[in-house]
Amino acid sequence: MARVLVNPDATAAIVTASRPEHLDDPVKAAELILDREILDRIDGALGDVIERNPAKVESFPGRV
């Protein structure tokens, strides 16, 4: 959540919850300030390209 909120390419952070207490962690994450080292490590783990079209991702269950 914290990474999504500082990502200029992200237009929204979507959080779902079936009970109010399910929002506790996302709300805490929204208050985090991640330093450059952590952001770089996250970006490194994600790789250079994030595919936004699930139909193009081999592991996506609905891919034809």
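Coordinate-derived values only; no laboratory data. Because the structure is a prediction, the values reported are computed rather than measured. Neighbour counts run over all protein chains shown; Cβ positions are idealised from the backbone, glycine included.
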>> Where the second residue is β-branched (V, I, T) and part of a helix (DSSP H, G or I) and the first is closer than 13 Å to A2 by Cβ and lies in region 19-47, which pairs have Cβ atoms under 7 Å and are six or more apart or on separate chains?
In response: L34/V6
> Within region 7-30, can you find the residues that are touching a helix residue (DSSP H, G or I) at 6+ places or on another chain (Cβ under 7 Å) and not in a loop (DSSP other than H, G, I, E, B)?
Replying inline: A29, A30
